[in-house]
Amino acid sequence: VSSVVVGVAADEGNLLFPDYLAYLESALRVEDQIFRMTRERAVLYLSDVDATGAAEVLVRIFAEFCDEFPTADPPEFAQRMLEIQPGLGPLSVKEVLTSVFGSCDTVH
């Protein structure tokens, strides 16, 4: 079964992003993980899902977060996914981080 690594980032000084990371952490399954790298960057590991399933989960959680923390303008966070197929072989941390933070797409 596939797994997905997701890089999530916000602009420097974004005041809502730490709350979003805390919300993500509380909403993820026990087998999923969140690794906070800096105040504005984190890596999520979503096990036993493909990229489509991971995107659905993240869209749902983001919508729930926006409902819980309403703002005048929707928050903007960037994310990029890397789907890891079974049998792919070892990946270096550098390969993964470059893939998920190399060019982030903004999430609204």
Next on the checklist: For a quick check of understanding: with a 1.4 angstrom probe and all protein chains in place, what accessible area in square angstrom does SER99 have, to the nearest ten?
Outcome noted: 40
Next on the checklist: Just to be sure I follow the definition: excluding the sites themselves, where is the longest run in the chain that has none of the GluC sites (Glu not before Pro) in a DSSP loop with at most 13 other Cβ atoms within 10 Å?
Outcome noted: 32-75
Checklist outcome for this item: Result for the chain: accessible area per residue, probe 1.4 angstrom, in square angstrom, of 59
Next on the checklist: So if a site counts as exposed when it's one of the trypsin sites (Lys or Arg not before Pro), its DSSP state isn't H, G, I, E or B, and it has at most 15 other Cβ atoms within 10 Å, what's the longest stretch of the chain without one?
Outcome noted: 40-108
Next on the checklist: Report the Cα centroid-to-centroid distance between the range 54-88 and the range 1-52 in angstrom, as an integer.
Outcome noted: 8
Next on the checklist: What would the Debye equation give as log₁₀ I(q)/I(0) for the chain at q = 0.12 Å⁻¹, counting only Cα atoms as equal point scatterers?
Outcome noted: -0.38
Checklist entry - Taking only C-alpha pairs under 8 Å that are 6+ residues apart, what is the relative contact order of the chain in percent? => result 40
Checklist entry - When the helix-only estimate is applied to the chain (DSSP H runs of n ≥ 4, each -39,500 (n - 2.57), divided by the residue count), what is the mean residue ellipticity at 222 nm, nearest 500 deg cm²/dmol? => result -11000 deg cm²/dmol
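Take the alpha carbon gyration tensor of the range 28-77, find the square roots of its eigenvalues, order them as a ≥ b ≥ c, and report rounded if a/c is under 1.5; if not, report prolate when a/b exceeds b/c, else oblate.
Details: a/c = 2.21, a/b = 1.38, b/c = 1.60.
Since a/c reaches 1.5 but b/c is at least a/b, the shape of the range 28-77 is classed as oblate.
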Next on the checklist: Springs between alpha-carbon pairs under 10 angstrom, Gaussian network model over the chain: which of ALA51, ALA72, ALA42 fluctuates most?
Outcome noted: ALA72
Checklist outcome for this item: Once amide hydrogens are built 1.01 Å from N within the peptide plane, the residues lying 5 or more places from ALA78 or on another chain with amide H under 5 Å from its amide H are ALA9, ALA10, VAL107
Next on the checklist: Between PRO74, PRO86, PRO18, where does the largest GNM mean-square fluctuation fall for the chain, given springs only between Cα atoms within less than 10 Å?
Outcome noted: PRO86
Item to check | Accessible-area composition of the chain, carbon plus sulfur, in percent [1.4 Å probe] | outcome: 54
Checklist entry - What ³J(HN,Hα) values, in whole Hz, does the Karplus curve 6.51 cos²θ - 1.76 cosθ + 1.60 give for the range 75-84 when θ = phi - 60°, with x put for Gly and Pro? => result x, 10, 10, 9, 8, 8, 10, 10, 7, 10
Checklist entry - Can you give the extra length, in nm with one decimal, that the chain gains between ALA72 and SER47 once fully stretched, where that is 0.36 nm per residue apart less the Cα-Cα distance? => result 5.6 nm
Checklist entry - Hey, can you list the DSSP H helices of the chain whose Cα span along the axis is 18 Å or longer and whose average Kyte-Doolittle score is at least 0.5? => result 51-68
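The values are calculated or read from the model by the stated rules, or taken from the named source; none is laboratory data. This one's a predicted model, so the numbers in the text were calculated from it and none came from an experiment. Ideal geometry is used to build each Cβ from the backbone, glycine not excepted, and the neighbour counts take in all protein chains shown. Please note that ligands, DNA and RNA were not included when accessible areas were found on the heavy atoms of the full protein model with its side chains. Shrake-Rupley method; radii C 1.70, N 1.55, O 1.52, S 1.80 Å.
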